[in-house]
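Inspection log for the structure reproduced underneath, given as structure tokens.
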Amino acid sequence: MKILISDAFDPSLSERLTKFGEVFDDKGRLSEAEAVLVRSKTKCTKEYIDSAPDLKLIIRGGVGIDNIDVEYAKSKGIEVRNTPTASSVAVAEVAMALMLAVPNRLPFGHEGMVKGDWRKKQIKRTELFKKTLGLIGIGRIATEVAIRASAFGMKVIAYDKYVDSSQHAEMATLDEVIAGADYISLHTPLTDETKGMLNKDTIAKMKDGAVIINTGRGKCVVEEDVAAALESGKLSGYGTDVWYSDPPENTPISSAPNTVMLPHIGASSKENLLRIGDICVEIFEEFTAK
Ligand code: NAD
């Protein structure tokens, strides 16, 4: 089997896959590939798929498969697999990191220290303790966030259109989460229903000074509306790992106040890349045993 590793995986994966065939990372050889491994960067569009006539398997190392035209791949008899269980802890830790960085103004304090500017008086911290965290989506990642937030003494409520109970959060309606939370953390996939779900209308119903944390998908929020709410002070912070595109182009978030911005690193921990690699090997074992 000819296997193209198109994005960044753990360096050991290439060697581990050699038992299934020839492994290469030269994207110019896409036309020869029978299996392609992607993360977020490679977009498996119709054109991409048509450029690989021998393709039988696409593996997305990660959770969301919105960078793959799954319908079209399936219509061509190509199997599409992902590694949904691997990344939960890695992404939850980044959500917690953002949730701590925003109210403690870590980038602002750090930048001051680098410049020799002692910003002690300018930083008015707030605590997570006794605040309400509202989760939108209570799947694998959100559950790990709920466990960690509870350990910080937060009250955790959650809305999920398709899940009605959780051991780790009190279930609520979307309106209750929007209106009742001090921190709103997004954990849904990007779908027609979730696209732009945090916008000027939903933000208007939030508590004054609410904070949005986004490790779900950039397009689940309307960035212009988030930026305007940060400018007006309606939102006191936005911590995000995800963008309309990777990297973002002309995003209003980059010039808005009180943001903490990361370059989509939620799944990129060393440990997670190893877990993703393990699951990729299992997928190849299953696929080649058929
Ligand atoms: P999951 O499938 O376990 O959980 C997603 C939850 O969202 C489900 O419980 C589902 O019922 C709920 N949901 C779907 N549509 C909804 C709607 N309209 N309203 C409310 N809830 C809805 O997935 P997960 O592993 O927890 O991952 C969640 C998302 O996190 C992924 O889809 C992906 O977009 C994102 N993600 C980001 C990174 C990163 O690097 N930042 C890494 C992995 C995943």
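Assorted remarks:
- Considering only residues in the stretch 247-264 that are within 14 Å of the ligand (Cβ to nearest atom) and open to solvent by less than 70 Å² (accessible area, probe 1.4 Å), the one that is nearest to GLY209 (Cα to Cα) turns out to be VAL260.
- Positions within the stretch 265-290 being open to solvent by less than 40 Å² (accessible area, probe 1.4 Å) and within 14 Å of the ligand (Cβ to nearest atom), in sequence order: GLY266, ALA267, SER269, ASN272, LEU273, ILE276, ILE279
- Beta carbons closer than 7 Å, at least 6 apart along the sequence or on distinct chains, pair a first residue in the stretch 71-97 that is free of Cβ contacts under 8 Å to residues at least 40 places away in the same chain and closer than 28 Å to TYR238 by Cβ with a second that is outside any helix (DSSP H, G or I) and within 16 Å of the ligand (Cβ to nearest atom) for ASN82/ARG60; ASN82/GLY62; ASN82/VAL63; ASN82/ILE65.
- Test for SER166: is it surrounded by fewer than 21 Cβ atoms within 10 Å (Cβ to Cβ), among the polar types (S, T, N, Q) and touching a strand residue (DSSP E or B) at 6+ places or on another chain (Cβ under 8 Å): yes
- Picking from residues in the stretch 213-236 that are away from the ligand (no atom under 12 Å from the Cβ), at negative phi and of a type in the set (Gly, Ala, Ser), the one that is most open to solvent (accessible area, probe 1.4 Å) is SER232.
- In the stretch 272-290, of all residues being of a type outside the set (A, V, I, L, M) and touching a helix residue (DSSP H, G or I) at 6+ places or on another chain (Cβ under 7 Å), the one that is nearest to ALA97 (Cα to Cα) corresponds to ASN272.
- Qualifying strands (runs of 3 or more DSSP E) (wholly inside the stretch 1-103; at least 1 residues being open to solvent by less than 10 Å² (accessible area, probe 1.4 Å)): 2-5, 35-38, 57-60
The values are calculated or read from the model by the stated rules, or taken from the named source; none is laboratory data. Predicted model only: the values in this text are computed from it and were never measured. We place every Cβ from the backbone using ideal geometry, glycine too, and count neighbours over all the protein chains shown. Each accessible area value is taken on the protein alone, full model and side chains, heavy atoms only, with ligands, DNA and RNA left out. Shrake-Rupley method; radii C 1.70, N 1.55, O 1.52, S 1.80 Å.
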